[in-house]
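Here, each number is a calculation from the coordinates, and none is a lab measurement. Just so it is clear, the model here is predicted, and its values are computed rather than measured. Here the Cβ is made from the backbone with ideal geometry for all residues, glycine too, and neighbour counts use every protein chain on show.
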Amino acid sequence: MVKRVLVKFSGEALAGKEGYGIDTKILNYIAGEIKELVDNGVEVGIVVGGGNIIRGVTAAADGIIKRTSGDYMGMLATVINGVAIQEALEHAGLEARLQSAIDMHEIGEAFIVRRARRHLEKGRVVIFAGGTGNPYFTTDTAATLRASEIEADLLIKATKVDGVYDKDPAKFDDAVKLEALTYDQALNDHIRVMDDTSIALAKENNLPIVVCNMFEKGNLLAIIKGDMSLCSIVK
């Protein structure tokens with residue numbers, strides 16, 4: 001069983017069936033899943049995307065908004081989601097801290113890795129918002145970066161599917177689940193576990209990446225306890 005983990009949620013996952021905004025029922029569900037981890041002695045960091053509000057690449061698609069501005073807009077969206085997750089965690093009885101790569105002292109702390117580690121050691125959940133603080137980097141890369149910085153044992157990418165497949169299982173009945181694959185396999189075969197930058201960074205830091213279905217109750221804790229049948233792992 002791992003001691004410290006970083007969980008990456010997509011922004012779209014927070015939107016629920018509406019496809020945009022924040023569904024408080026999903027917030028409550030996520031808080032419950034994270035609480036299970038904390039109650040079992042796991043130190044938890046969280047990175048969340050902003051796609052339920054705005055994606056930088058999409059905002060800049062027609063050229064009216066510059067890519068850098070679009071990415072900063074996306075980073076701000078992750079802060080909104082981070083505040084929502086912090087509130088949900090505190091409502092569930094957990095202590096939580098929001099750290100942002102973009103300074104906004106009225107909302108959360110600035111990202112300081114030593115402070116983040118100390119929070120984790122004290123049993124607080126730390127939400128890392130604002131991406132990496134730089135345009136042209138995804139929240140997948142931010143998740144791998146933060147996981148490496150806090151020396152997490154595992155990076156969990158919580159999605160809507162139970163792992164990595166050789167083709168889209170929603171479109172192809174013969175899609176085969178890949179239980180385990182190497183970093184090089186993911187990179188060379190262009191298997192979209194995460195973007196290439198984040199996979200390369202994980203490889204450099206020997207950080208295992210797990211892909212699992214966040215909507216299966218109890219999955220996160222079961223995986224951390226060692227049940228790899230519920231996910232795919234890249235290492």
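Points worth noting:
- The chain: relative contact order as a whole-number percent, Cα under 8 Å and 6+ apart: 21 percent
- Qualifying chymotrypsin sites (Phe, Trp or Tyr not before Pro) for the range 111-209 [loop in DSSP, other Cβ within 10 Å: at most 13]: 136, 172
- Modelled spin-label separation between residue 171 and residue 91, with each label point placed 7 Å from Cα along the Cα-to-Cβ direction: 3.6 nm.
- Cα gyration tensor shape of the range 142-207, rounded if a/c is under 1.5, else prolate or oblate by comparing a/b with b/c: prolate
- Each Lys or Arg adds one and each Asp or Glu subtracts one; over the other residues with Cβ under 11 Å from the Cβ of residue 55, this totals -2.
- Beta bridges per DSSP with both ends in the range 4-234, % antiparallel, nearest 5: 20 percent
- A convex hull fitted around the alpha carbon atoms of the range 17-56 yields 58 Å³ per residue.
- Contour excess over end-to-end distance, with Cα ends at residue 109 and residue 179 and 0.36 nm allotted per residue: 21.4 nm
- Global form of the range 1-76, assessed from the alpha-carbon gyration tensor, a/c cut-off 1.5: oblate
- Here the chain is assigned +1 on the Cβ of each Lys and Arg and -1 on the Cβ of each Asp and Glu. Its dipole about the Cα centre then comes out at about 400 debye.
- Loop-located trypsin sites (Lys or Arg not before Pro) in the range 136-180, at most 15 other Cβ atoms within 10 Å (DSSP): 160, 167, 171
- Gain on full stretching of the segment that runs from residue 160 to residue 18 - 0.36 nm per residue minus C-alpha separation: 49.6 nm
- Zone of residue 1's modelled label, taken as backbone nitrogen in the range 201-235 under 17 Å from a point 7 Å along Cα→Cβ: 218-228
- Taking the Cα centre of the range 144-235 as reference, the dipole from Cβ charges on Lys and Arg (+1) and Asp and Glu (-1) amounts to some 260 debye.
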